[in-house]
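Only the coordinates and a few stated rules stand behind these numbers; no lab work does. Source: prediction; values computed, not measured. Please note: Cβ atoms are built from the backbone with ideal geometry, for glycine as well, and neighbour counts cover all protein chains shown.
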Amino acid sequence: MGTTATHCAYCALQCAMTLTADAGGRVTVEPRDFPTNRGGLCQKGWTAADLLASPHRLTTPLLRDDRSAPFREASWDEALTVVASSLREVQAEYGRDAVAVLGGGGLTNEKAYQLGKFARVALRTKNIDYNGRYCMSSAAAASNRAFGIDRGLPFPLPDLAEAGAVLIAGGNVAETMPPFVQHLAAVVDRGGSLIVADPRRTATVDRATLHLPVLPGTDLALALGLLHVAVSGGHADRAYIHDRTTGFDETWRAAAQWWPERVERVTGVSVAAQRAAVAQLAAGARGRGAVVLTARGAEQQSKGTDTVTALINLALALGLPGRPHSGFGCITGQGNGQGGREHGQKADQLPGYRRIDDPAARAHVAAVWGVEPADLPGPGPSAYELIESLGTDGGPRALLVHGTNLAVSSPRGARVLERLAALDLLVVADVVLSETAALADVVLPVTQFAEEDGTMTNLEGRVIRRRRAVAPPSGVRTELEVLTSLAGLLGCRAPFDADPETVFDELRRASAGGVADYGGISWDRVDAEGGVFWPCPSSSHPGTPRLFADGFPTADGRARFVAVEHRPPAEEVDAEHPVYLTTGRVLQQYQSGAQTRLVPALAAAAAEPHVEVHPDLAGRSGLADGDLVRVVSRRGDAVGRVRLTTAIRPDTVFMPFHWGGEQAVNRVTNPALDPVSRMPEFKVCAVRLERVVVV
Ligand code: SF4
């Protein structure tokens, strides 16, 4: 028997847990007290160990000689040799950029770092991006342009509980990360306000003091309207705006056009609700503090960056960022969504959150990697643009996938499958045979959370330790081992190491001096202190739990208001597709569901996708509760089971995105991209409903 203190396998809350392994290797989970989860776990956390010994587990590499043939088992030597020789052939014939890499926001910091280095140094391809592009990239882009830095929460999560008012735009933490709710409940229990903007009356809305039932795709108009009410109602903090910001006048001129009645017509949120929201936020700002938070509902739009920017403008006008128990933050979703975007697997970035087109950044990282700056490729396309280019003339011919199930998680799914089928080589490293792995030429079985050491950076920017509790099954390797072996087989002269602590020490040096500075963080410190917040530039630096108290990391030390304009969603309803679709998650499933669908307790609790339909819409559509319904857009269709509810607007349906095949709602969603973040518009498109007649 051995016990190991670690954190959950799944989301960015990274709840603390203790794993106990018995003599037979069976692992049980107990919650552990930590500032974020305070002893809580959700059902996904309680069952996180159930996949370790699952019969669905991959324990040997799989190969096939052509896509029509079944997989056969292979040795690691054969599989890695095939991968390396195939990559060399593809690059010899089509050039270095003919190989692409897609990573994931669930990879440890060490794996994310090593994957970026592998792409830029061993493959020397510009074509690498990751699935965080689909997660919080709009909030990251907006935070960077307003504050000069992107850290999901710029304060420890327990600060939230001390606020007097919280606005969540497009987030349903009661289902996605239930232990988060206790921090919100503390606000309400003290008489404070919780305001939630969402087209649905979600489990989070049930705990709120005010619901803003916004029409999908109009959150930006709502944010402009809230700013209008705040300023015209005398709630703007003029001293803060004068002393700590720039750009207010231009921003106000844009928001001044969004008077409450106009906002009500566009968003469906009543004038009274708009005024109440601002009054509650302003009361919080004058009292204990107020916080504005965004999540995927506001962010996963073709104008997600501007939507988040408008909400940051509201927070700045109320004088929140940098004040106690106040500010703006993004509720990051994936387990290492924060760290995953800091260490160089993003198309335009090098480790330390450095821009890849910055000569000084290239020189610093190249020196750590032992290569010439000129040898590093430049920026590549974003995840969906990269996928669209696969197998096209001049596009990548080979793809390596680590930690993402893009066949389920990417919009316009049929097109994604076409592009994957057009590749000469698809290699997938995963723990189970995901929908993407099932399409591959080579599948490499890799370790799960309880079988590996490393670090994660949670939604607060707190670097925490993932610890190995059990040995992986025979035949399974870590991704660090895989990448190190492949780099060697490819003849890469730069050093690669499979030991995660050694990789972290290199990551520290690569990030030192960057925005996300890990220079002073070591595993020993993380162990001793229970986590360290970046930036932490030296071993004597205490880390930075709270940002912006003394200024913003911009050229003039001020936060930037940025004027933005509302625009409609990329696709609006019409006679043929008269209903809006929005997508999201359910409590028992995580992301594409590749792992959680294989956990028996979770699969039993959420076995298939449902489609939330208002009874009025169901009546017009000839649908009854429990019917199978086909949700059809201009790009494809998906089938789910009707769940009648008055908790959704009558002009909108909701479907979760955790399933594949014909249950995959991302066959329906719209890949229209945000011009800044390159985020696809997952959260709104136009559909029609067709009852499925079962014969
Ligand atoms: Fe795991 Fe997230 Fe659930 Fe916590 S809330 S137990 S981190 S899935």
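Things to note:
- Restricting attention to the chain, the count of lysine pairs at 8 or more positions apart or across chains with alpha carbons under 19 Å apart stands at 6.
- Ranked by the mean number of other Cβ atoms within 10 Å per residue, highest first, peptides 502-515, 227-240 order as 502-515, 227-240.
- A protection proxy built from the mean count of other Cβ atoms within 10 Å ranks the segments 38-47, 212-221, most packed first, as 212-221, 38-47.
- The calculated FRET efficiency for the pair ARG38 and ASP77, based on their C-beta separation and a Förster distance of 56 Å, comes to about 0.75.
- Cα centroid of segment 50-81 to Cα centroid of segment 379-443, whole Å: 18
- Over 20 Å [Cα-Cα, segment 94-184], rounded percent: 56
- Efficiency of FRET from Cβ geometry, SER232 and GLU576, R₀ 41 Å, rounded to 0.05: 0.55
- Estimated distance in nm for a label pair at ARG207 and ASP243, the labels positioned 7 Å out from Cα along Cα-to-Cβ: 3.4
- Kirkwood hydrodynamic radius of segment 334-412, from inverse mean 1/r over distinct Cα pairs, in Å: 14.2
- Distance between the 7 Å Cα→Cβ label points at ARG88 and ASP22: 4.9 nm.
- In a reduced charge model with +1 at each Lys and Arg Cβ and -1 at each Asp and Glu Cβ, the chain shows a dipole moment near 1120 debye about its Cα centre.
- Taking the helices alone, the chain has a mean residue ellipticity at 222 nm of -8500 deg cm²/dmol, built from -39,500 (n - 2.57) per DSSP H run of at least 4 residues and averaged over all its residues.
- Computed across segment 2-51, the Kirkwood radius stands at 10.8 Å (inverse of mean 1/r, all Cα pairs).
- Spin-label zone in segment 111-153 - amide nitrogen under 15 Å from a point set 7 Å from the Cα of GLU250 along the C-beta vector: 145-147
- Vicinal HN-Hα couplings computed from phi for segment 492-499 (Karplus, 6.51 cos²θ - 1.76 cosθ + 1.60; Hz; Gly/Pro x): 5, 8, 5, x, 10, 10, 9, 7
- Compactness relative to 2.2 N^0.38 Å, alpha carbon Rg of segment 547-588: 2.19
- Cα lying deepest toward the dipole's positive end in the chain, options TYR113, SER75, ALA9, charges on Cβ: ALA9
- DSSP-defined beta bridges in the chain - what % are antiparallel, rounded to 5: 45
- Cα convex hull of segment 137-331 - mean projected area over all directions, nm²: 9.3
- Positive-end ranking of VAL573, TYR134, ALA528 along the dipole of the chain, with charges on Cβ about the Cα centre, is headed by VAL573.
- The mean sequence separation of alpha-carbon pairs under 8 Å and at least six residues apart, normalised by the residue count of segment 579-691, gives a relative contact order of 36 percent.
- Computed over the chain, relative contact order equals 19 percent, with contacts defined as Cα pairs under 8 Å that lie 6+ residues apart.
- Rounded to the nearest 5, the antiparallel percentage of DSSP beta bridges internal to segment 579-691 is 60%.
- Net charge contributed by nearby residues that have their C-beta within less than 12 Å of ALA601 (K/R +1, D/E -1): +1
- Between ARG96 and ALA555, the FRET efficiency estimated from the beta carbon spacing at R0 = 30 angstrom works out to 0.25.
- Residues whose placed amide H lies under 5 Å from that of LEU194, excluding near-sequence neighbours: VAL166, THR209, LEU210
- The Cα atoms of the chain define a convex hull whose projected area, averaged across directions, is 28.5 nm².
- Count Lys and Arg as plus one, Asp and Glu as minus one, and take only other residues whose Cβ is under 13 Å from that of ARG207; the net charge is then -3.
- Computed over segment 406-460, the P(r) tail beyond 14 angstrom holds 62 percent of alpha carbon pairs.
- Diffusion of segment 551-660 by Stokes-Einstein, at 25 °C in a medium of 0.890 mPa s and with Rh set to the Kirkwood radius over alpha-carbon pairs, works out to 148 µm²/s.
- Dipole magnitude of segment 2-51, debye to nearest 20 (Cβ charges: Lys/Arg +1, Asp/Glu -1, about Cα centre): 100
- Mean sequence separation of contacting Cα pairs (under 8 Å, at least six apart), scaled by the length of segment 278-351, corresponds to a relative contact order of 31 percent.
- In this simple spin-label approximation, ALA422 and ALA603 carry label points 7 Å from Cα along the Cα→Cβ vector, and these lie 3.4 nm apart.
- Segment 448-468 and segment 170-237 have Cα centres spaced 30 Å apart.
- Over segment 36-124, all Cα pairs binned in 10 Å intervals from 0 give whole-percent P(r) values of 12, 26, 36, 17, 8, 1, listed from short to long.
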